[in-house]
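Report on one structure; see the data block that follows.
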């Protein structure tokens with residue numbers, strides 16, 4: 001791996017870890033820390049890096065998955081068909097690009113027709129009806145597994161417990177309710193109900209919900225349905241898991257069928273089918289202007305191919321259907337004043353400047369903080385305490401400063417001087433050449449220690465249930481722990497004596513710690529919090545080394561010889577294992593006294609299909625697929641499609657009028673498939 005690819009691999013792992021953390025905050029805790037727009041920026045950067053380095057794409061990447069599975073004590077439910085997310089258009093021009101891209105994929109000249117509806121800002125759910133009666137309601141979760149929220153769904157007044165079978169006019173007679181029907185839709189909270197709920201919570205001294213979406217998610221995913229009942233939620237149906245199985249031909253017919261079966265659907269003038277591309281653009285502009293007048297929050301327009309037969313041909317990417325797009329509105333901008341700039345310290349020592357703002361309502365949400373990302377970004381925008389700034393409409397807790405209104409800047413306002421020393425421990429910060437981040441190099445900086453505990457017990461590391469931020473603070477302040485491995489020395493008596501931490505909580509934490517001891521080795525490696533080493537890299541390392549001790553003996557040269565391990569990752573690993581400050585931590589994790597036996601831990605489950613990792617080259621014309629469709633089928637099976645034939649090529653698929661690639665493949669002894677053999681191989 002080249003040095004450039006190594007840097008890309010490191011950044012990809014950082015982005016994956018950061019996006020997963022924000023997904024957990026958004027989906028599982030209903031407590032986001034960044035705006036949708038900031039999440040979109042992180043996600044787009046990851047997509048761009050993976051597009052430039054497709055060999056670094058892993059199945060656990062957020063670009064290949066959807067949402068989060070949740071862990072609130074609600075029973076898990078596996079969806080019959082995967083619930084996917086939607087690709088986003090962040091600029092209006094991308095709507096045109098979506099239409100053009102779809103036509104190319106289908107090798108189609110005639111224009112497409114679309115169905116449009118507002119993009120609700122709520123919680124996606126699946127409803128299963130048997131003989132017209134609701135038998136299951138589940139959240140989307142990670143798209144494969146969600147949470148069983150059936151009792152909560154039954155508290156929503158406009159979500160029918162039983163379906164009807166009346167006709168819906170000449171367009172499409174809904175007819176009798178099917179024996180089994182799997183409905184997709186959105187649970188939401190109207191703006192007025194959101195304000196009433198927050199007023200009640202304020203009077204009761206409870207934390208306020210950030211926005212209607214979080215209020216709806218938090219209300220719908222309660223363990224006690226009676227709590228959900230007290231919060232008036234709404235529901236819109238927008239789809240079926242298998243619409244073609246019901247004899248439907250268009251999305252308009254699908255919506256009419258849902259309405260005919262007694263399900264509520266969005267019926268404003270902004271929801272309609274048979275729309276041309278020009279009409280879609282017009283409706284998008286009109287909806288953006290009218291969004292404030294709608295009773296519920298929206299953040300864009302969903303644009304879907306009208307013809308359901310084309311859905312089958314278009315298929316899916318790893319996380320989204322190709323037949324639909326969520327066109328997002330431009331973020332709202334609001335003025336406020338920067339009261340101060342503070343620097344926070346993260347797990348790896350990164351110093352992040354944060355603007356403390358004069359509280360301001362942004363899209364119905366009071367915000368007081370905005371990330372300034374890094375030293376360069378702060379200097380580029382030239383944000384200073386006392387400045388008037390524009391912040392993005394976020395609908396979240398920490399929006400982004402878009403720009404400084406310099407014509408409003410008070411005279412004599414000095415530029416912000418980024419601290420040379422860590423604001424927490426006072427250690428002189430460093431900034432490696434070529435990096436945007438300034439870091440505190442002291443691994444025992446209290447801020448880094450706290451963050452390492454959070455990471456060590458996090459869901460994507462050792463998943464220690466109950467190890468929340470408040471408990472970590474208490475354990476550190478009381479001197480009960482200094483490094484994460486000290487957690488395994490905690491006793492029941494020590495925990496039970498903690499304020500507001502009774503016998504049951506103490507035992508639950510000890511049980512979770514005990515369970516974590518048998519976690520797979522890759523989870524222990526990931527839990528160490530080594531810079532540039534995320535889940536995928538941890539799994540690669542665990543596949544080559546039997547224990548932490550063996551990994552710690554590896555040299556940079558040896559590590560860079562492994563697949564997908566670049567010089568930057570290798571250097572980071574060697575630095576970590578040779579740092580004497582980490583010696584006790586590592587010794588504890590290897591100690592048999594703690595019961596940790598990562599050497600014997602199970603390896604991560606092999607993921608993929610028989611074609612995963614196989615390299616294909618396509619040449620000539622296929623009759624059953626367009627070139628784009630064939631590539632999509634292979635990508636869905638985990639295969640790689642290359643542009644040229646080499647000794648690494650596993651298969652050449654030769655259609656009609658195959659050219660020079662066929663001759664080269666024959667010369668290299670590459671397996672050659674005709675179209676029939678190709679169809680049989682991929683199971684099409």
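The numbers here are math on the coordinates, done by the rules we state, and not lab data. Being a predicted model, the structure only gives us computed values, none of them experimental. Glycine also receives a Cβ, built like all others from the backbone with ideal geometry; neighbour counts cover every protein chain displayed.
Which percent, nearest 5, of DSSP beta bridges in the chain are antiparallel?
85
Rounded, prolate or oblate: which fits the range 615-682, taking a ≥ b ≥ c as square roots of the Cα gyration tensor eigenvalues, rounded meaning a/c under 1.5, else prolate when a/b beats b/c? Please report the intermediate quantities before stating the final value.
On the way: a/c = 1.70, a/b = 1.26, b/c = 1.35.
Note, shape of the range 615-682 comes out oblate.
Run the paramagnetic zone check for residue 201: 7 angstrom along Cα to Cβ, then residues of the range 468-492 with backbone nitrogen under 19 Å.
Output list for this probe position: 469-470.
Mean shadow of the range 446-600, computed from the convex hull of its alpha carbons, in nm²?
Spelled out: convex hull of the Cα atoms, projected over all directions, averaged, 8.6 nm².
Relative contact order of the chain, please, whole-number percent, based on alpha carbon pairs below 8 angstrom and at least 6 residues apart.
Values: 1277 pairs, mean separation 86.1, N = 684.
Contact order relative to length: 13 percent.
Could you compute the FRET efficiency for residue 136 and residue 489, with r as their C-beta to C-beta distance and R0 at 45 Å, rounded to 0.05? Mind showing how you got there, number by number?
On the way: r = 44 Å, r/R0 = 0.98.
Working from the Cβ atoms, E equals 0.55.
Arranged from highest to lowest average of other beta-carbon atoms within 10 Å per residue, in what order do the peptides 665-673, 137-145 appear?
Peptide ranking by packing, descending: 137-145, 665-673.
Of all DSSP beta bridges in the range 350-499, what percent run antiparallel (nearest 5)?
Beta bridges within the range 350-499, antiparallel portion: roughly 90 percent.
Classify the range 333-408 from the C-alpha gyration tensor, please: rounded if a/c falls under 1.5, else prolate or oblate depending on whether a/b exceeds b/c. Kindly include the intermediate steps, with their values, before the conclusion.
Numbers: a/c = 1.98, a/b = 1.28, b/c = 1.55.
Oblate, since a/c reaches 1.5 and b/c is not below a/b.
Among (1) 1.03; (2) 1.16; (3) 1.33, which is the computed Cα Rg over 2.2 N^0.38 Å?
Only one listed value fits the structure, namely (1).
Tell me what the chain gives for mean residue ellipticity at 222 nm when only DSSP H runs of n ≥ 4 count, each as -39,500 (n - 2.57), the sum divided by the residue total, rounded to 500 deg cm²/dmol.
Using -39500 (n - 2.57) per qualifying helix, the result is -10000 deg cm²/dmol.
Please list 492-500, 282-290, 450-458 highest first by mean number of surrounding beta-carbon atoms within 10 Å per residue.
Ranked by mean Cβ neighbours within 10 Å, highest first: 450-458, 282-290, 492-500.
For the range 213-305, what class follows from the C-alpha gyration tensor (a ≥ b ≥ c being the square roots of its eigenvalues): rounded when a/c is under 1.5, otherwise prolate if a/b is larger than b/c, else oblate?
oblate
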